[in-house]
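Remarks on the structure that follows.
The values are calculated or read from the model by the stated rules, or taken from the named source; none is laboratory data. Quick caveat, the model's predicted, so the values are computed rather than measured. A quick note on method: Cβ atoms are made from the backbone with ideal geometry, for glycine too, and the neighbour counts reach across all protein chains shown.
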Amino acid sequence: MAFSNPKVYLEKLARPLLERFEKEPNSYELAVSCSIILYHYCDVVAYVRNIKPYVAAKQLTDKVSNFEIIRALANAGKHVELTHHPNKNLLGLKAQDLQIGKGAAFSDGTFFSDGTSFDDSPDTVMVTTPDGETYDVLLICNNVLENLEKEVEFYEV
């Protein structure tokens, strides 16, 4: 299996893991694991392009909505607290900031103006970042994966 191939990495690692997360949306384990796998796609891109991983991460952040949030979640999940990140508003994010809550009210990841969702929204892993923004982790993982698959300059070798 050629996990150094971006397409294979997404199809054989990221997509199946995200499908498991969709079935268990309140799983901290799957929320953090999906974030880590999606963020480390930049290592695959770096390998294929023969560039530094931080350069690939910057390229992906510039092109893929919410990639910087995934990066922050991945590193906070692995290192307990985020102490290094290009977006200084995300510094201080902690693994413990992941909480179970009602999923986003709308498919674009937004909530009602008071930060709530529909009463019948399913419980899922949520995170409120140090800048006060709240994210539905499953929704942003799905968003990032869909956008990575669309960015053919990164996806196809």
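Assorted remarks:
Conditions tested, residue by residue: (1) at pLDDT below 95; (2) more than 12 Å from the chain's Cα centre (by Cα); (3) in a helix (DSSP H, G or I).
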position	(1), (2), (3)
E29	no, yes, yes
S33	no, no, yes
I36	no, no, yes
V48	yes, yes, yes
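- Among (1) crowded, with 21+ Cβ neighbours inside 10 Å; (2) without any contact (Cβ under 8 Å) to a residue 40 or more places away in the chain; (3) more than 13 Å from the chain's Cα centre (by Cα) - the single one D114 does not satisfy: (1)
- Test: residue in segment 62-76 that is without any contact (Cβ under 8 Å) to a residue 24 or more places away in the chain and at positive phi: no
- Pair list, Cβ under 8 Å, 6 or more apart: segment 5-24 residue within 13 Å of V137 (Cα to Cα) and outside any helix (DSSP H, G or I), other residue of a type in the set (A, V, I, L, M, F, W, C) and modelled with pLDDT of 95 or more: E24/L30
- Residue that is modelled with the highest pLDDT [pool: residues in segment 137-157 that are of a type in the set (A, V, I, L, M) and surrounded by fewer than 16 Cβ atoms within 10 Å (Cβ to Cβ)]: V152
- Within segment 73-132, being part of a helix (DSSP H, G or I) and basic (K, R) holds for K78, K88.
- Within segment 1-14, being out of contact with any Cys (no Cβ under 9 Å at 6 or more places or on another chain) and surrounded by 14 or more Cβ atoms within 10 Å (Cβ to Cβ) holds for N5, P6, K7, V8, Y9, L10, K12, L13.
- Subset of segment 25-77 [surrounded by fewer than 22 Cβ atoms within 10 Å (Cβ to Cβ) and aromatic (F, W, Y)]: Y28, Y47, Y54
- From the options G109, G92, residue that is under 19 Å from N143 (Cβ atoms) and either free of Cβ contacts under 8 Å to residues at least 40 places away in the same chain or buried (at least 17 other Cβ atoms within 10 Å of the Cβ) (or both): G109
- Residues considered: N66, N75. Of these, the only one that is closer than 17 Å to Y135 by Cα and touching a helix residue (DSSP H, G or I) at 6+ places or on another chain (Cβ under 6 Å) is N66.
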